[in-house]
1. Can you give me the long-range amide H partners of ARG37? Hydrogens built in the peptide plane at 1.01 Å from N, cutoff under 5 Å, separation of 5 or more residues or another chain.
2. Which whole-number percent is the relative contact order of the chain (Cα, under 8 Å, 6+ apart)?
3. Cβ under 15 Å from HIS24's Cβ, HIS24 left aside: what net charge do those residues give with Lys, Arg +1 and Asp, Glu -1?
4. Relative to the longest principal axis of the chain, what angle (0 to 90°, nearest 10) does the C-alpha long axis of helix 25-34 take?
5. Where the accessible area of the chain is counted over protein heavy atoms with a 1.4 Å probe, how much of it, in %, is carbon and sulfur?
6. For the chain, max minus min Cα coordinate along each principal axis, in Å, sorted largest first?
7. Multiply the residue gap between ILE18 and ALA34 by 0.36 nm, knock off their C-alpha separation, and tell me the result in nm, one decimal place.
8. On a 0 to 90° scale, report how tilted helix 44-58 is relative to the longest principal axis of the chain, with both axes built from alpha carbons and the result rounded to the nearest 10.
Amino acid sequence: MGRTYLFSEDANGRSREIKVDPKHLDRQVRDERAAGRTPTVLDEDERIRFGLLSQRKSR
């Protein structure tokens, strides 16, 4: 299994990457939602695809 990434976006549109604890990922996502942020969980392939898409949009 590949690495999992958790990104969280606040109401102002700022994103940050959060270190993932695989045993407690559900709790981490729940805590982010409770704090009013929008969590997004990606695997390695999805993260690469999102990165490539964002580069294309910025050109």
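1. none
2. 40
3. +1
4. Roughly 90 degrees between the two axes.
5. 47
6. So the extents along the principal axes, rounded to whole Å, are 36, 33, 12.
7. Difference between extended and current length: 4.2 nm.
8. So the inclination is approximately 50 degrees.
The values are calculated or read from the model by the stated rules, or taken from the named source; none is laboratory data. Computed from a prediction, not measured in an experiment: that's the story for all the values here. Here Cβ is always computed from backbone atoms with ideal geometry, including for glycine, and neighbour counts include all displayed protein chains. We work out accessible area using only protein heavy atoms, side chains counted, and drop any ligands, DNA or RNA first. Shrake-Rupley method; radii C 1.70, N 1.55, O 1.52, S 1.80 Å.
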